[in-house]
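Below is one structure; the comments refer to it alone.
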Amino acid sequence: MQAAAAFDGKFVVITNDGTLSAEDVALGCKGAWIIEACFRKMKQRGLEVRPMVHWSPRRIEAHVKLCVPALQVQRAAELRCGEPWSRMWSRIAPALGRLKAVCYRSERRTIVQRTEITAELGDILKKLGASTPKQVLAVTDAAPAAADA
């Protein structure tokens, strides 16, 4: 047990890039660990993602370019709303998810309007610095039907 305790907090890293120093490799791994920990928290707090495995550099880069901004948006929303990390995203995501655009069609018009904004959602939008969407988003007249020949 004491022999194993001597290795607590230490890890072995192997790289195929001989130009990196041991410190750079360790910092890169530590950074990756921090990002993975953030993604685990994000997944536990309501962001619905599933495991992805990519092998080509182009797909890996695209995946990172999508996930990192998603994480940044989530974390920024949590910080602006000022509640503890453990509860925040699980409260923000469902409230934002209830805000929808609904399309109504009649013979002559199409109307697009948003769903009702609750007091909780209004508070979240205010803390995020986001303006409240207009009630009616669009009204369009239908094109006249072509005459049957």
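The values are calculated or read from the model by the stated rules, or taken from the named source; none is laboratory data. In this text, all values refer to a predicted model and were calculated from it rather than measured experimentally. Counting neighbours? That spans all protein chains shown, and the Cβs are built from the backbone with ideal geometry, glycine included.
The table below gives the values:
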| item | result |
| --- | --- |
| Answer residue from the range 106-124, given it is in a helix (DSSP H, G or I) and among the small types (G, A, S) and is farthest from Q74 (Cα to Cα) among those | A119 |
| Selected residue (criterion: farthest from A76 (Cα to Cα)) from residues of the range 126-136 that are modelled with pLDDT under 90 and aliphatic (A, V, I, L, M) | A130 |
| Some residue of the range 19-42 being of a type in the set (D, E), modelled with pLDDT under 80 and not in a loop (DSSP other than H, G, I, E, B) | yes |
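Here is a yes/no grid of residues against (1) surrounded by 13 or more Cβ atoms within 10 Å (Cβ to Cβ); (2) at pLDDT below 80:
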| position | (1), (2) |
| --- | --- |
| K65 | no, no |
| Q74 | yes, yes |
| R80 | yes, no |
| L96 | yes, no |
| L99 | yes, no |
| R105 | no, no |
| R114 | yes, no |
| I117 | yes, no |
| E120 | yes, no |
